[in-house]
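**Student:** Please read through the structure below; I'll follow up with questions.
We did not get these values from a lab; they are worked out from the coordinates using the rules stated. Computed from a predicted structure; not experimentally measured. Backbone-built Cβ (ideal geometry, glycine too); neighbour counts: all protein chains shown.
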Amino acid sequence: MLSGVCVGTNNMAAAGIFYDAVLATLGMRCVAADAQERAYAGQNGKASFFVLQPFNGQKATFGNGTQVMFAAPDAEAVKAFHAAVLRCGGSDEGLPGPRNYSPDYYGAYGRDLDGNKLNVSVSTRQ
């Protein structure tokens, strides 16, 4: 069972501003923060997404083929998440819309300030 996901950053202050705004579109908020790490939780209050400066003191890097995937409650939240990524200095990796992965998939892709790839999606099946 997965208990959480961490992404690295080279600028905790900038990452905090970015993720506070982006994750708020999904109802997530920062529940713990210090100079080295920020923890985000959803409605249940349990932290499951973490942004940290690498403990080994080396530069944070992203993995090719690695992405963090978030579930959205609806297509409007997908659009809001993607818009927040761009507004907060991230980059586009795929505009909001349906994909050919499945007939009921609606999602978007972006990258954070450190190049970590983010995905947000919802099933449009009712």
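**Student:** Of the DSSP beta bridges with both residues in the chain, give the percent that are antiparallel, rounding to the nearest 5.
**Tutor:** So the antiparallel bridges in the chain amount to around 70 percent.
**Student:** Add -39500 (n - 2.57) for each DSSP H run of 4 or more in the chain, then divide by its residues: what number comes out at 222 nm, to the nearest 500 deg cm²/dmol?
**Tutor:** Taking each H run of at least 4 residues, the total per residue is -6500 deg cm²/dmol.
**Student:** Further, regarding this structure: Net charge within 9 Å of Cys30 by Cβ-Cβ distance, Lys/Arg positive one each and Asp/Glu negative one each, not counting Cys30 itself?
**Tutor:** Overall, the nearby charge balance is +1.
**Student:** Follow-up question, since we're still on this one. Between Met28 and residues 5 or more places away or on another chain, which pairs have amide H atoms under 5 Å apart, with H built 1.01 Å from N, and which residues are they?
**Tutor:** Placed amide hydrogens put nothing under 5 Å from Met28.
**Student:** From the Cα gyration tensor of the range 87-126, with a ≥ b ≥ c the square roots of its eigenvalues, which class applies: rounded if a/c is under 1.5, or else prolate if a/b is larger than b/c, or else oblate?
**Tutor:** Taking the square roots of the gyration eigenvalues as a ≥ b ≥ c, the range 87-126 is prolate.
**Student:** Quick one: dipole size for the range 1-124, taken about the Cα centre, charges +1 on Lys/Arg Cβ and -1 on Asp/Glu Cβ, in debye to the nearest 20.
**Tutor:** Magnitude of the dipole: close to 80 debye.
**Student:** Computed from the coordinates I sent, semi-axes √(5λ) of the Cα gyration tensor in Å equals one of (1) 24, 16, 13; (2) 30, 18, 12; (3) 42, 16, 15. Tell me the label.
**Tutor:** (1)
**Student:** Helix 75-87 versus the longest principal axis of the chain: what angle, 0 to 90°, nearest 10, using Cα atoms?
**Tutor:** 40 degrees
**Student:** Still on this model: Return one number: the angle in degrees, 0 to 90 and rounded to the nearest 10, between the long axis of the Cα atoms of helix 12-24 and the longest principal axis of the Cα atoms of the chain.
**Tutor:** The angle comes out at about 30 degrees.
**Student:** What is the magnitude of the charge dipole of the range 22-89 about its Cα centre, with +1 placed on the Cβ of each Lys and Arg, -1 on the Cβ of each Asp and Glu, and no other charges, expressed in debye to the nearest 20?
**Tutor:** 80 debye
**Student:** Arrange the peptides 25-33, 53-61 so that the one whose residues have, on average, the most other Cβ atoms within 10 Å appears first.
**Tutor:** 25-33, 53-61
**Student:** Turning to a different aspect of this structure: Taking amide H positions as placed in the peptide plane 1.01 Å from N, state which residues far from Phe49 in sequence (5 or more) or on other chains have amide H under 5 Å from it.
**Tutor:** Sorted by chain and number, the residues that satisfy this are Val5, Tyr40.
**Student:** Something else about it: Relative to 2.2 N^0.38 Å, what does the C-alpha radius of gyration of the range 18-84 come to as a ratio? Two decimals please.
**Tutor:** Ratio of Cα Rg to 2.2 N^0.38 Å: 1.21.
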